[in-house]
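*Asks:* This is the structure I have questions about; it appears just below.
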């Protein structure tokens with residue numbers, strides 16, 4: 001394990017730190033909650049569908065590489081993410097956080113560049129609100 005020096009986070013106190021402790025073990029009495037992470041959804045066959053409540057965009061930096069994903073809460077209550085593509089971004093452009101979406105892989109769009117894979121055509125539908133009257 002590599003150690004790096006950094007500033008102490010705002011939620012730690014002087015009592016939490018002990019320079020003689022092993023950094024792989026926690027002080028007695030500490031309790032832990034798991035951090036929820038997203039399951040990556042891959043629509044890989046034409047006709048595949050995903051339904052989820054839009055939670056917003058996630059941005060990740062990994063060195064020289066960065067990427068973005070759309071985050072959703074599934075009907076099962078779990079977090080899911082779909083990698084951002086130009087076609088999906090067009091469909092998600094008018095979707096508001098909290099709206100339920102149905103994303104369908106409808107067809108392949110052939111690439112205009114030799115040797116490149118086709119683009120997935122994804123349709124985004126938003127749940128209709130019930131109207132009364």
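*Asks:* Please figure out what share of the DSSP beta bridges in region 36-126 is antiparallel and state it in percent, rounded to the nearest 5.
*Replies:* 95 percent
*Asks:* Next up: In terms of the Cα gyration tensor, with a ≥ b ≥ c the square roots of its eigenvalues, is region 36-126 rounded because a/c is under 1.5, prolate because a/b exceeds b/c, or oblate?
*Replies:* oblate
Bear in mind that the values in this text are calculations on the coordinates, not laboratory data. The model shown is predicted, which means the values in this text are computed figures rather than measured ones.
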